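I have a structure here, written as structure tokens, and I will follow up with some questions on it.
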Amino acid sequence: MNFSEVFKQSNQLCKVSPDGKYLATCVQYRLVVRDFNTLQIVHLYTCLDQVMHMEWSSDSLFILCAMYKRGLVQVWSLEQPDWHCKIDEGSIGLVSSRWSPDGRHILNTTEFNLRVTVWSLCTKSVSYIKYPKACQKGVDFTTDGRYMALAERRECKDYISVFVCDDWHLLRYKILFYSLDGRLLSSYSAYEWSLGIKSVAWSPSSQFLAVGSYDEKVRILNHITWKKITEFEHPATIINTKAVVFKEVEKRPVVGSEDLSIHQLTMNNSLFSTQSKYEITQLPAQVPVIKPDPDRANPKIGISTLAFSADNRYLATKNDNMPQSLWVWDMQRLSLLAVLEQTAPVRCFVWDPRRPRLALCTGNTKVYLWSPAGCVSVNVPVEGSFQVQSLFWHCSGSTLILLSKEHICLCYVDAEEEK
């Protein structure tokens with residue numbers, strides 16, 4: 001692995017363009033666009049206030065910057081740096097802004113979820129959609145960008161409305177599993193009389209739907225009958241003899257006084273950083289469990305995050321009351337393949353978009369990789385303390401973008417690293 005120098009960023013706003021050519025970061029009210037290969041600045045834009053959200057258009061030609069406190073959105077063009085667009089929602093406010101798949105319409109959600117306003121950059125026309133539901137992910141698009149599904153709240157009932165993106169007219173209502181011709185395909189409930197579904201993820205092939213629940217289980221549904229194929233449990237004791245449990249073990253290096261210098265004491269924080277490696281744990285193995293507080297809302301229990309590998313072969317899961325462990329399942333054998341037990345809670349994990357390789361971070365100075373060949377722990381060798389809060393892959397799968405609280409660093413991963 002090789003690492004780049006460190007650059008500043010604010011609010012974790014760092015995005016690679018869809019074509020992989022550019023890296024955009026926000027530093028307070030400035031938008032910085034760099035060439036991804038050379039990391040040289042190619043464009044520098046100044047916004048009207050501190051940027052709270054930033055997003056590339058699908059064709060990598062425009063960048064949206066939202067300033068929620070002021071109800072403003074500014075759009076910048078890479079082809080024509082002198083051109084820009086400003087959208088002011090006024091007194092109605094702004095809580096969310098995003099691109100439509102065509103990269104020529106912007107969807108703004110106003111305060112109190114009163115409406116979604118659709119702004120056209122081409123015709124300057126405006127469309128309004130009423131009654132959007134206040135939820136974490138209340139809107140999504142089909143892969144071809146022709147249709148939009150929107151969660152709505154009408155007359156004290158929840159609906160999923162389907163809109164045609166050409167002119168934003170309502171196609172029809174449907175609830176739960178639906179087809180575009182209006183047929184109700186199926187509905188599913190993991191169990192009754194308790195906290196239910198917590199997370200959902202489609203496999204890239206759309207053959208499987210993984211449903212994570214508060215009962216610490218993942219249920220796999222197939223796309224033909226919408227019936228359960230199997231369910232994956234997350235037990236506190238792992239006895240599956242086919243699974244491998246990788247445990248992170250830390251070791252602080254011992255440094256003698258003769259090895260120190262004034263320069264090292266002031267500049268080289270990595271000299272004192274804790275090293276770690278993975279060791280294979282003998283089975284049966286105990287998984288660290290945190291008992292949730294039953295009196296608090298949104299208890300830390302159940303499957304909060306699910307992610308399939310790009311080749312559909314593997315599924316990674318995180319159980320909130322086992323925050324230090326990451327579970328990897330083999331979707332061909334429908335069984336547990338590996339468990340990664342970290343020394344700190346897992347903050348973020350993402351699959352390589354090209355290979356069966358998983359990257360994760362725990363808020364310390366390391367980045368971790370899992371592949372079918374095994375696990376590796378790597379220190380981020382930069383001056384000062386770079387604590388990795390989140391990470392994501394470049395579309396080529398050759399580079400990881402690491403984010404600390406106020407900085408970014410690029411990690412160049414060799415394709416042979418997993419072997």
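Provide the convex hull volume over Cα atoms per residue for segment 92-176, in Å³.
About 97 Å³ per residue, rounded to a whole number.
Under the rule of at least 5 residues apart or a separate chain, name every residue whose amide H is placed under 5 Å from the amide H of A307.
When sequence neighbours closer than 5 places are left aside, the close amide H contacts are A316.
So what are the ³J(HN,Hα) numbers for segment 225-233, from phi and the Karplus equation (6.51, -1.76, 1.60; θ = phi - 60°), rounded to whole Hz, Gly and Pro as x?
9, 6, 9, 6, 8, 7, 9, 10, 9
What aspartates and glutamates sit close enough to K137 to cross-link, taking a C-alpha to C-alpha distance under 15 Å and skipping anything fewer than 8 places away on the same chain?
K137 reaches E152, D158.
Here is a further query. At a probe size of 1.4 Å, how large is the accessible area of L78, to the nearest 10 Å²?
The accessible area comes out at roughly 20 Å².
Next question. Check cross-link reach from K86 to the lysines: straight Cα distance under 18 Å, and skip same-chain residues fewer than eight apart.
Answer for K86, where 18 Å is the Cα cut-off: K69, K124, listed by chain and number.
Just one of (1) 35; (2) 14; (3) 21 is percent of Cα pairs over 41 Å apart as worked out from the coordinates here. Which one is it?
(3)
Please give the peptides 314-327, 57-70 ranked by average Cβ packing (other Cβ atoms within 10 Å per residue), highest first, as a rough proxy for protection.
Top to bottom by mean Cβ count within 10 Å: 314-327, 57-70.
Measuring with a 1.4 Å probe in the full set of protein chains, what accessible area per residue, in whole Å², belongs to the chain?
Using a 1.4 Å probe on heavy atoms only, each residue of the chain averages 52 Å².
Accessible area, 1.4 Å probe, largest first: how do I229, I408 sort?
I229, I408
What's the extension gain from E250 to A344 if we count 0.36 nm per residue and subtract their Cα-Cα distance?
32.7 nm
Give a residue-ordered list of calculated ³J(HN,Hα) values for segment 34-49 (Karplus: 6.51 cos²θ - 1.76 cosθ + 1.60, θ = phi - 60°; whole Hz; x for Gly, Pro).
10, 5, 5, 6, 9, 6, 7, 6, 10, 9, 9, 10, 10, 8, 7, 7
Would you list, by chain and number, the aspartates and glutamates whose Cα falls below 19 Å from the Cα of K300, excluding same-chain residues fewer than 8 positions away?
Answer for K300, where 19 Å is the Cα cut-off: D215, E216, E233, D320, E341, listed by chain and number.
Based on the mean of other beta carbon atoms within 10 Å per residue, what is the order of 27-40, 350-363, most packed first?
Most protected by this proxy first, the peptides run 350-363, 27-40.
Still on this model: If R₀ is 45 angstrom, what is the calculated FRET efficiency for the pair R98 and E231, using the beta carbon separation as r and rounding to 0.05? Walk me through the numbers before you get to the answer.
Numbers: r = 34 Å, r/R0 = 0.75.
Here the calculated transfer efficiency is 0.85.
Using a 1.4 angstrom probe on the protein heavy atoms only, could you order T399, T241, T281 from most to least accessible area?
T241, T281, T399
If you take the beta carbon distance between W83 and D166 as r and set R0 to 22 Å, what does 1/(1 + (r/R0)^6) give as a FRET efficiency, to the nearest 0.05?
According to the calculation, E is roughly 0.30.
Here is a follow-up. At 222 nm, what helix-only mean residue ellipticity would the chain give, in deg cm²/dmol to the nearest 500, using -39500 (n - 2.57) for each DSSP H run of four or more?
-500 deg cm²/dmol
The values are calculated or read from the model by the stated rules, or taken from the named source; none is laboratory data. None of these values were measured; they are calculated from a predicted model. Here the Cβ is made from the backbone with ideal geometry for all residues, glycine too, and neighbour counts use every protein chain on show. To get the accessible areas, we keep the full protein, side chains included, count just its heavy atoms, and leave off ligands, DNA and RNA. Shrake-Rupley method; radii C 1.70, N 1.55, O 1.52, S 1.80 Å.
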